[in-house]
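Novice: Got a structure here, written out as structure tokens. Questions coming.
The values are calculated or read from the model by the stated rules, or taken from the named source; none is laboratory data. All values derive from a computational prediction rather than experimental measurement. Every residue, glycine as well, gets a Cβ built from its backbone with ideal geometry; the counts of neighbours run over all protein chains shown. Note: areas computed on protein heavy atoms with side chains; ligands, DNA, RNA excluded. Shrake-Rupley method; radii C 1.70, N 1.55, O 1.52, S 1.80 Å.
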Amino acid sequence: MRAFTQHDGLVAPMDRANVDTDLMIPKQFLKSIKRSGFGPNLFDDLRYLDEGAPGADNSVRPLNPEFPLNFPRYQNASILLARENFGCGSSREHAAWALADDGFCCVIAPSFADIFRSNALKNGILPIELSATQVQVLFDMLFETEGFRLQVDLSANTLTLPNGDIWPFQIDAFRRECLLQGLDDVGITLESTDAIKAFEEHHAKRFPWLFEDLVL
Amino acid sequence: MAQTLYDKLWEAHLVDQREDGTSLIYIDRHLLHEVTSAQAFEGLSLAGRSPWRRNANLAVPDHNVSTLQAERAAGLAALPDPVSRIQLQALDDNCKAFDIAEIPLNDIRQGIVHVMGPEQGAVLPGMTVVCGDSHTSTHGAVGALAHGIGTSEVEHVLATQCLIQRKMKNFRVQVTGQLPRGVTAKDLALAVIGRIGTAGGTGYALEFSGDAVCALTMEGRMTLCNMAIEAGARCGLVAVDDVTIEYVRGKPLAPKGEHWTAAEAWWRSLRSDDGAHFDRSIEIDGSAVRAQVTWGTSPEMVASVDGYVPRLAEMPDETARQGLQRALEYMGLSEGMPITDIQPDAIFIGSCTNSRIEDLREAAAVLRGRRLSSSIKKALVVPGSGLVKAQAEAEGLDQIFMEAGMEWREPGCSMCLAMNADRLEPGERCASTSNRNFEGRQGSGGRTHLVSPAMAAAAAVMGHFVSIDDVEAVSDVVGEGL
Ligand code: SF4
């Protein structure tokens with residue numbers, strides 16, 4: 001996983017509550033067996049005026065001029081400002097892959113759905129939870145100021161606003177460590193191989209029926 | 001100390017816990033399907049790793065399979081959509097390469113992963129169960145700690161048999177009394193979501209308890225736990241009781257002999273102790289729950305069938321007002337309209353929420369001897385598994401559906417997520433027994449109203465949503481009870 005320490009990026013708005021992962025990456029793109037290439041199909045139904053298909057050339061499709069992420073002022077944004085319960089619904093990690101592939105490395109919202117939060121963190125995307133009031137302040141600033149940027153400093157757990165205000169934010173200590181160092185979970189867990197083996201042995205004694213051969 | 005059911009399951013699977021609460025949890029059963037596994041297997045290969053315990057894994061194709069009999073009979077190689085074919089083939093190939101058990105496409109046991117799992121006894125009380133699908137919460141109905149995971153976690157479980165987790169908080173939903181006649185587990189699930197919202201359960205394990213829950217069949221409990229994720233909770237739970245034990249008994253992969261005796265003893269302890277601490281509790285009067293219909297684009301946008309679509313002026317704040325406005329536009333509804341004025345033009349009976357035999361019986365009871373309203377353009381009944389299909393056919397339910405003018409399909413996820421050819425056209429309005437009414441969920445531009453199988457069947461006959469009382473009145477005329 002790519003590491004995340006500091007980031008200074010342009011902010012784009014996703015001004016609606018309960019943004020679900022179906023909206024982030026519609027089902028037809030889930031047919032892909034790859035992890036990459038989902039970026040142009042992020043928010044596909046909102047982003048384009050026609051219906052997207054896997055493998056289609058997205059560069060020739062008609063863009064929806066009313067969708068904020070298509071506005072010139074938000075091009076190359078890397079921080080998404082969103083509302084409550086961002087990423088609810090399906091567990092599809094394709095949603096996180098699409099965000100990352102489209103250049104986003106941070107989402108700021110008052111709350112996140114559990115599975116999405118975990119998927120995001122595993123793909124180098126930092127979900128920052130702020131109060132609804134703080135998020136509203138950011139939305140107001142974002143709409144007022146063209147070129148609105150934020151500085152995220154994960155090593156200090158702070159967000160710096162263009163006016164110089166510094167806001168602290170909270171994040172799970174373990175996840176923070178993983179992001180800062182770009183660690184991958186499997187590697188970390190395999191360091192506990194002995195503990196897993198010992199547990200498994202004990203577990204198999206206690207619940208032997210769980211360890212029978214799975215014969216269909 | 002008094003423990004909740006969730007506390008007990010957590011403790012029995014805790015491998016290691018760091019000071020900051022980050023924990024390693026051992027996984028007993030890992031279910032896999034074609035859509036969220038290919039990238040995980042690829043990751044495993046690239047790292048030169050192999051599955052930690054291959055017997056923990058069981059795979060089945062379901063999300064992206066064709067439900068047309070002719071296409072199924074022709075086999076995978078003949079599937080017209082090449083992209084889907086590659087994905088389904090990848091599951092077969094990966095299972096072969098990594099020596100993982102797979103129920104193949106045309107096996108009678110094939111079905112939606114959350115229907116197949118309990119049916120085969122691949123999911124048992126007291127297990128930790130994960131799957132790269134958010135509706136893994138379904139399996140909590142048997143007293144298992146079950147939740148959905150992303151693809152990176154699928155790879156992690158394959159490689160280590162563990163998940164990195166933090167313990168969730170405990171949330172009890174106590175449903176007192178008895179559900180009225182004609183009100184089902186689906187209505188209860190929607191009523192709970194309507195009450196706590198789609199984020200209400202975020203960070204919690206949701207335990208459903210109380211008389212109305214105990215009175216549910218295993219199928220009903222699965223429907224309820226299935227939609228815990230729509231309430232924001234990664235997992236739903238119901239305590240083990242006689243209903244659970246009788247359900248599991250004799251399932252193909254259930255323990256036998258001495259193992260059964262030992263297992264049953266442990267399973268019987270899987271309930272929250274008296275006085276156990278819940279971080280949050282709500283009580284719902286089961287007898288006051290009415291049949292539910294979602295009118296919007298989130299499962300929390302729900303009303304009882306004799307209710308109406310909310311008005312903009314009733315919204316508490318600007319975000320809610322905008323949300324309602326957007327939902328009304330997308331759904332093509334006007335504020336304040338009675339739910340019974342909504343006229344679906346498509347019907348979908350299926351999905352891991354409502355495609356078990358009990359669901360099909362419930363729908364068939366309404367449809368027996370009736371025909372679809374002429375306004376219905378598309379009506380699919382998709383059984384949850386080959387075994388459900390065979391049982392329904394043995395009971396003659398397929399004939400009832402077909403005589404009513406509905407299509408009787410092969411098992412799969414079908415129009416629940418519309419990855420295959422089963423989908424709504426833009427603007428089409430569907431009474432659906434599935435679990436998500438998000439924009440575009442059942443097809444780009446499609447409009448979904450989530451309901452119980454009985455309500456979907458009633459709407460199919462009447463051409464609009466009807467309250468249970470009206471269906472009973474109609475039933476009297478036609479001479480069949482609901
Ligand atoms: S039926 Fe629908 S919700 Fe259930 S597993 Fe399939 S796609 Fe997911």
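Novice: How many residues are crowded, with 24+ Cβ neighbours inside 10 Å and in a loop (DSSP other than H, G, I, E, B) if we restrict to segment B:447-467?
Specialist: Number satisfying all stated conditions: 3.
Novice: Out of the residues in segment A:174-198 that are touching a Lys or Arg at 6+ places or on another chain (Cβ under 9 Å), facing chain B (nearest Cβ under 7 Å) and among the hydrophobic types (A, V, I, L, M, F, W, C), which is farthest from B:E155 (Cα to Cα)?
Specialist: A:F174
Novice: Could you grab me the full set of residues in segment B:407-425 that are within 14 Å of chain A (Cβ to nearest Cβ) and away from the ligand (no atom under 15 Å from the Cβ)?
Specialist: Answer for segment B:407-425, where residues must be within 14 Å of chain A (Cβ to nearest Cβ) and away from the ligand (no atom under 15 Å from the Cβ): just B:E425.
Novice: Continuing with the same structure: Return a yes/no flag: does segment A:46-54 have any residue that is in contact with a strand residue (DSSP E or B) (Cβ under 8 Å, 6 or more places away or on another chain), of a type in the set (K, R) and not in a helix (DSSP H, G or I).
Specialist: No, there is no match, as no residue in segment A:46-54 is in contact with a strand residue (DSSP E or B) (Cβ under 8 Å, 6 or more places away or on another chain), of a type in the set (K, R) and not in a helix (DSSP H, G or I).
Novice: Which pairs do you get when a residue that is within 14 Å of chain A (Cβ to nearest Cβ) and open to solvent by 10 Å² or more (accessible area, probe 1.4 Å), found in segment B:224-249, comes within reach of a residue that is part of a helix (DSSP H, G or I) and more than 16 Å from the ligand (Cβ to nearest atom), reach meaning Cβ atoms under 7 angstrom, with the pair 6+ apart or on two chains?
Specialist: From residues that are within 14 Å of chain A (Cβ to nearest Cβ) and open to solvent by 10 Å² or more (accessible area, probe 1.4 Å), the pairs are B:R234/A:D114.
Novice: Same structure, new question: I'd like to verify a number: residues in segment B:162-205 that are within 11 Å of chain A (Cβ to nearest Cβ) and among the aromatic types (F, W, Y), how many?
Specialist: The qualifying residues number 1.
Novice: Among the residues of segment B:56-88, count how many are within 25 Å of the chain's Cα centre (by Cα), open to solvent by less than 60 Å² (accessible area, probe 1.4 Å) and either modelled with pLDDT of 95 or more or not basic (K, R) (or both).
Specialist: Looking only at that region, the number is 15.
Novice: Ok, one more. Identify the residue in segment A:1-56 that is within 17 Å of B:L417 (Cβ to Cβ) and hydroxyl-bearing (S, T, Y) and, among all such residues, is surrounded by the fewest Cβ atoms within 10 Å (Cβ to Cβ).
Specialist: Checking each candidate, the answer is A:S32.
Novice: What about B:G384, is it away from chain A (no Cβ under 14 Å) and out of contact with any Pro (no Cβ under 7 Å at 6 or more places or on another chain)?
Specialist: Spelling it out, it is not the case that B:G384 is away from chain A (no Cβ under 14 Å) and out of contact with any Pro (no Cβ under 7 Å at 6 or more places or on another chain).
Novice: Out of segment B:171-199, which residues are closer than 19 Å to A:E84 by Cβ, open to solvent by 10 Å² or more (accessible area, probe 1.4 Å) and over 18 Å from the mean Cα position of the chain (by Cα)?
Specialist: B:R195, B:I196
Novice: Which one is nearest to the ligand (Cβ to nearest atom) among residues in segment B:374-385 that are surrounded by 22 or more Cβ atoms within 10 Å (Cβ to Cβ) and not in a loop (DSSP other than H, G, I, E, B)?
Specialist: Looking at the filtered set, the residue picked out is B:S385.
Novice: Then there is this: Could you say which residue among B:S45, B:S50, B:S23, B:S84 is within 16 Å of the ligand (Cβ to nearest atom) and among the small types (G, A, S)?
Specialist: Step by step, each of B:S45, B:S50, B:S23, B:S84 is checked, and only B:S84 is within 16 Å of the ligand (Cβ to nearest atom) and among the small types (G, A, S).
Novice: In segment B:310-329, which residues are open to solvent by 70 Å² or more (accessible area, probe 1.4 Å) and more than 14 Å from chain A (Cβ to nearest Cβ)?
Specialist: B:R311, B:A313, B:E314
Novice: Further, regarding this structure: Looking at (1) open to solvent by 30 Å² or more (accessible area, probe 1.4 Å); (2) over 15 Å from the mean Cα position of the chain (by Cα), can you tell me which one B:E219 breaks?
Specialist: Status for B:E219: all satisfied but (2).
Novice: Of the residues B:G121, B:G126, B:G117, which single one is open to solvent by less than 10 Å² (accessible area, probe 1.4 Å) and within 14 Å of the ligand (Cβ to nearest atom)?
Specialist: Of B:G121, B:G126, B:G117, the one residue that is open to solvent by less than 10 Å² (accessible area, probe 1.4 Å) and within 14 Å of the ligand (Cβ to nearest atom) is B:G117.
Novice: Just need a number here: residues in segment B:94-113 that are in contact with a Cys (Cβ under 8 Å, 6 or more places away or on another chain) and away from the ligand (no atom under 16 Å from the Cβ).
Specialist: Count: 2.
Novice: Can you name every one of the strands (runs of 3 or more DSSP E) wholly within segment A:79-146 that holds 2 or more residues which are buried (at least 23 other Cβ atoms within 10 Å of the Cβ)?
Specialist: Where strands (runs of 3 or more DSSP E) fall fully within segment A:79-146 and carry at least 2 residues being buried (at least 23 other Cβ atoms within 10 Å of the Cβ), they are A:79-82, A:106-109.
Novice: Right, next: Please determine whether any residue of segment B:271-279 is buried (at least 22 other Cβ atoms within 10 Å of the Cβ) and either more than 14 Å from chain A (Cβ to nearest Cβ) or in contact with a helix residue (DSSP H, G or I) (Cβ under 9 Å, 6 or more places away or on another chain) (or both).
Specialist: Checking segment B:271-279: not a single residue is buried (at least 22 other Cβ atoms within 10 Å of the Cβ) and either more than 14 Å from chain A (Cβ to nearest Cβ) or in contact with a helix residue (DSSP H, G or I) (Cβ under 9 Å, 6 or more places away or on another chain) (or both).
Novice: Within segment B:36-55, track down each residue that is part of a loop (DSSP other than H, G, I, E, B) and closer than 24 Å to B:Q110 by Cβ.
Specialist: Residues satisfying the conditions are B:T36, B:S37, B:P51, B:R53.
Novice: Please go through segment A:24-56 and pick out each residue that is in contact (Cβ under 8 Å) with a residue 60 or more places away in the chain and within 7 Å of chain B (Cβ to nearest Cβ).
Specialist: Within segment A:24-56, A:L30, A:R35 qualify.
Novice: I would also like to ask the following. Considering (1) away from chain B (no Cβ under 14 Å); (2) among the polar types (S, T, N, Q); (3) without any contact (Cβ under 8 Å) to a residue 24 or more places away in the chain, say which one A:S118 fails and leave the rest.
Specialist: With (1) away from chain B (no Cβ under 14 Å); (2) among the polar types (S, T, N, Q); (3) without any contact (Cβ under 8 Å) to a residue 24 or more places away in the chain applied to A:S118, the lone miss is (1).
Novice: For the subset of segment A:199-216 comprising residues that are out of contact with any strand residue (DSSP E or B) (no Cβ under 9 Å at 6 or more places or on another chain) and farther than 17 Å from B:T160 by Cα, which member is farthest from the other protein chains (Cβ to nearest Cβ)?
Specialist: By that ranking, first place goes to A:K205.
Novice: Can you spot a residue in segment B:391-406 that is in contact with a strand residue (DSSP E or B) (Cβ under 7 Å, 6 or more places away or on another chain), outside any helix (DSSP H, G or I) and within 16 Å of the ligand (Cβ to nearest atom)?
Specialist: No, segment B:391-406 contains no residue that is in contact with a strand residue (DSSP E or B) (Cβ under 7 Å, 6 or more places away or on another chain), outside any helix (DSSP H, G or I) and within 16 Å of the ligand (Cβ to nearest atom).
Novice: Which condition number in (1) of a type in the set (S, T, N, Q); (2) surrounded by 24 or more Cβ atoms within 10 Å (Cβ to Cβ); (3) more than 11 Å from chain A (Cβ to nearest Cβ) is the one that B:T136 fails?
Specialist: Going through (1) of a type in the set (S, T, N, Q); (2) surrounded by 24 or more Cβ atoms within 10 Å (Cβ to Cβ); (3) more than 11 Å from chain A (Cβ to nearest Cβ) one by one, B:T136 breaks only (3).
Novice: Would you mind telling me which numbered condition in (1) open to solvent by 50 Å² or more (accessible area, probe 1.4 Å); (2) touching a Ser or Thr at 6+ places or on another chain (Cβ under 6 Å); (3) more than 30 Å from B:M462 (Cα to Cα) B:E300 fails?
Specialist: In the conditions (1) open to solvent by 50 Å² or more (accessible area, probe 1.4 Å); (2) touching a Ser or Thr at 6+ places or on another chain (Cβ under 6 Å); (3) more than 30 Å from B:M462 (Cα to Cα), B:E300 misses (3) alone.
Novice: Given (1) surrounded by fewer than 24 Cβ atoms within 10 Å (Cβ to Cβ); (2) away from every other protein chain (no Cβ under 13 Å); (3) assigned to a helix (DSSP H, G or I), where does B:N106 come up short, assuming only one miss?
Specialist: The failed condition is (3).
Rundown of residues vs (1) in contact with a helix residue (DSSP H, G or I) (Cβ under 6 Å, 6 or more places away or on another chain); (2) under 26 Å from B:E329 (Cα atoms), yes/no style:
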{"position": "B:A346", "(1), (2)": "no, yes"}
{"position": "B:R361", "(1), (2)": "no, no"}
{"position": "B:V366", "(1), (2)": "yes, no"}
{"position": "B:C430", "(1), (2)": "no, yes"}
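Novice: While we're here: What are the residues in segment B:56-77 that are in a helix (DSSP H, G or I), out of contact with any strand residue (DSSP E or B) (no Cβ under 8 Å at 6 or more places or on another chain) and either within 11 Å of chain A (Cβ to nearest Cβ) or not small (G, A, S) (or both), if any?
Specialist: B:Q69, B:E71, B:R72, B:L76
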